[in-house]
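Visitor: The structure that follows is given in the form of structure tokens.
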2 protein chains.
Amino acid sequence: MSAREKILDTALKLFNDKGTAAVSTNHIAEAAGISPGNLYYHFRNKEEIIRELFQRLNTTWETYQPLPQDRAPIINDLEAVIKSNYQIIWQYRFAYRELVALLRQDAELRANFLAVRQRGYEGFHQLLHTFSDAGAIRLPDDPQIANELQEICWLISEFWLTSLEVNGRKVNEAEMQRGVNLIRRVIQPYLA
Amino acid sequence: MSAREKILDTALKLFNDKGTAAVSTNHIAEAAGISPGNLYYHFRNKEEIIRELFQRLNTTWETYQPLPQDRAPIINDLEAVIKSNYQIIWQYRFAYRELVALLRQDAELRANFLAVRQRGYEGFHQLLHTFSDAGAIRLPDDPQIANELQEICWLISEFWLTSLEVNGRKVNEAEMQRGVNLIRRVIQPYLA
DNA sequence: ATACTCCTAGAGTAAATACTCTAGGAGATA
DNA sequence: TATCTCCTAGAGTATTTACTCTAGGAGTAT
């Protein structure tokens, strides 16, 4: 593995474990088994490492194809989508825990992340209508109600893992399933 | 105002504005218009200041009486409760934004906060049953479903403001009302 | 062989940060 | 007046942090 990759992997692990504020570039270099000078050869500073990690995260969001392309989606596919979301968020949990602070202190980071997130939100909108067209759910006629439901589901999927961590719960398959159940509970009154 | 109060008020403001990591004790002292030595006369370190702010927050949660005591509650009272919650969370928003990190690095803080939060959660449980008994809502017979609904409402009320901030929205009365509407949307299918 | 590019180590530095220490002022009490 | 407690200022220090600089190794092209 190249030094650059080692730095990014190590930084991600340390950030997830201790938070960005508690991890210095020297810590990262030491944990990655390289010299500080070498780290600064590959990255200008800590901010740039964070940016690169967000770039990886963005790429993950943009490339993953959650739905099967060969048939119409059924309601269980929605569960699979949500679980995939949780997996990704858990992989980059430092980012979601510290989102407000990280986005505030780096305008470029903010712009990129929000653009990708916006596309994700629109994709989710599409997804719901795909399910609706396929007859899996019955969206309310009032589009504002549908929007509110979507907003609730989005909020749960974005903050469920953080909420688990606040409660001091281990994050595992079963807890993720509970998060899926909550979202299911929200749309349950609107199932076909 | 005493120096101690000045320190706490200033720290709260700076933490809310810039996050705890970006604010040093020297910053706090300077912004409060006192000397660093004086700050350290009143507090052993930054951690102790944060603890004291959490203590204030805990006291706020424990003392506020959201419901009118002189009559049975109606559904609009629930809105008032949620709005009060948002006000308190907004006042101490640094805490809710950085909750995972702050609780992890201070076991005592964690224990106190979670205990108060647990009582709040139980109070919310009571509240829902009070509404149910008063005929304002009709909770589902299956207690697990009722619990899931409660969990969803709790998650929204705890993370709605953070979600607004991530979206770059100004936090104001109207946006708080939208957060209230989302919770209302969750329980709407179960209104009497 | 020479040179050139890419990468790496590690010593070194300026600034920031958390925290200490000493000297002393203000007001109450003896 | 003397003393005692409580509070305050501000200089000073050890450590950490971000970041720089120089010397050189490993391949590859000439």
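The values are calculated or read from the model by the stated rules, or taken from the named source; none is laboratory data. Every value quoted in this text rests on a predicted model; they were computed, and no experiment measured them. Heads up, the Cβs are rebuilt from the backbone with ideal geometry, glycines too, and the neighbour counts pull from every protein chain shown. Accessible surface is based on the protein model in full, side chains and every heavy atom, while ligands, DNA and RNA are left aside. Shrake-Rupley method; radii C 1.70, N 1.55, O 1.52, S 1.80 Å.
Visitor: When all protein chains stay in place, what accessible area (Å², nearest 10, 1.4 Å probe) is found for residue A:176?
Guide: Probe radius 1.4 Å; accessible area of residue A:176 about 10 Å².
Visitor: Just need the relative contact order of chain B here, percent rounded to a whole number, with Cα pairs under 8 Å and 6+ apart.
Guide: Relative CO of chain B lands at 21 percent.
Visitor: How many Cβ atoms of partner chains, on average, are near each residue of B:98-105 if near means within 10 Å of its Cβ? List each step's numbers first, then the result.
Guide: Numbers: counts 6, 5, 13, 10, 1, 4, 8, 4.
Average per residue, whole number: 6.
Visitor: Quick check: pseudo-label points 7 Å beyond the Cα along Cα→Cβ at residue A:188 and residue B:88, how many nm apart are they?
Guide: Taking the two extended label points, one gets 2.8 nm.
Visitor: Between beta-carbons, use under 15 Å as the cut-off and find the net charge around residue B:2, counting Lys and Arg +1, Asp and Glu -1.
Guide: That works out to 0.
Visitor: Quick one: which residues, 5 or more positions from residue A:137 or on another chain, have an amide H under 5 Å from its amide H? H modelled 1.01 Å from N in the peptide plane, none for Pro or chain starts.
Guide: Those qualifying (amide H under 5 Å, at least 5 residues apart or on another chain) are A:132, A:192.
Visitor: Residue B:172 to residue A:2: FRET efficiency via 1/(1 + (r/R0)^6), r the Cβ-Cβ distance, R0 41 Å, to the nearest 0.05?
Guide: 0.30
Visitor: Longest segment of chain A with no trypsin sites (Lys or Arg not before Pro) in a DSSP loop having at most 13 other Cβ atoms within 10 Å?
Guide: A:72-137
Visitor: Just for the Cα atoms in the stretch B:1-43, what are the lengths along the principal axes, largest first, rounded to whole Å?
Guide: Rounded to whole Å, the extents work out to 23, 18, 15 Å.
Visitor: Across the residues of A:1-14, average count of Cβ atoms on other protein chains within 10 Å?
Guide: Values: counts 0, 0, 0, 0, 0, 0, 0, 0, 0, 0, 0, 0, 0, 0.
For this peptide, the per-residue mean of nearby foreign Cβ atoms is 0.
Visitor: Which three numbers, in whole Å and largest first, are the semi-axes of the equivalent ellipsoid of the protein assembly as shown derived from its Cα gyration tensor as √(5λ)?
Guide: Details: eigenvalues 256, 195, 54 Å².
Equivalent ellipsoid semi-axes, largest first: 36, 31, 16 Å.
Visitor: Just grab the label-to-label distance for residue A:67 and residue B:9, each label 7 Å out from Cα along the Cβ direction, in nm (one decimal).
Guide: Rounded to a tenth, the inter-label distance reads 5.5 nm.
Visitor: Count, for each residue of B:175-182, the Cβ atoms from other chains sitting within 10 Å of its Cβ, then give me the mean as a whole number.
Guide: Average neighbour count from other chains, rounded to a whole number: 2.
Visitor: If eta is 1.306 mPa s and T is 10 °C, what Stokes-Einstein diffusion coefficient results for the stretch A:93-158, Kirkwood Rh from Cα pairs, in µm²/s?
Guide: 117
Visitor: For the stretch B:26-117, what is the convex hull (Cα atoms) projected area averaged across all directions, in square nanometres?
Guide: Details: hull surface 31.2 nm².
With every direction weighted equally, the projected area is 7.8 nm².
Visitor: Which FRET efficiency value, to the nearest 0.05, do you get for residue A:118 and residue B:41 by plugging their Cβ-Cβ distance into 1/(1 + (r/R0)^6) with R0 = 41 Å?
Guide: On the way: r = 50 Å, r/R0 = 1.21.
Efficiency for this residue pair is about 0.25.
Visitor: On to the next question. From the phi of every residue in the stretch A:14-20, what ³J(HN,Hα) in whole Hz does the Karplus formula 6.51 cos²θ - 1.76 cosθ + 1.60 yield, where θ is phi - 60° and glycine or proline is x?
Guide: 5, 4, 4, 7, 10, x, 5
Visitor: Then there's this: Beyond 21 Å, what share of the Cα-Cα pairs of the stretch A:51-190 is found? Please give it as a whole percent.
Guide: On the way: 4427 of 9730 pairs.
Counting every Cα pair in the stretch A:51-190, those more than 21 Å apart make up 45 percent.
Visitor: Can you compute 3J(HN,Hα) from phi for each residue in the stretch B:95-101, using the Karplus curve 6.51 cos²θ - 1.76 cosθ + 1.60 with θ = phi - 60°, rounded to whole Hz and x for Gly and Pro?
Guide: 5, 6, 5, 10, 3, 4, 5
Visitor: Hey, what do the phi angles of the stretch A:123-129 turn into as Karplus ³J(HN,Hα) couplings, whole Hz, using 6.51/-1.76/1.60 and θ = phi - 60°, x for Gly and Pro?
Guide: After applying 6.51 cos²θ - 1.76 cosθ + 1.60, I find x, 5, 4, 3, 4, 4, 6 Hz.
Visitor: Go through A:13/B:18; B:13/B:83; B:6/B:170; A:83/B:18 and tell me which ones have a Cα-Cα distance over 30 Å in this structure.
Guide: The answer is A:83/B:18.
Visitor: Just report the Cα centroid separation between the stretch A:25-86 and the stretch B:117-192, whole Å.
Guide: Computed from Cα coordinates, the inter-centre distance equals 32 Å.
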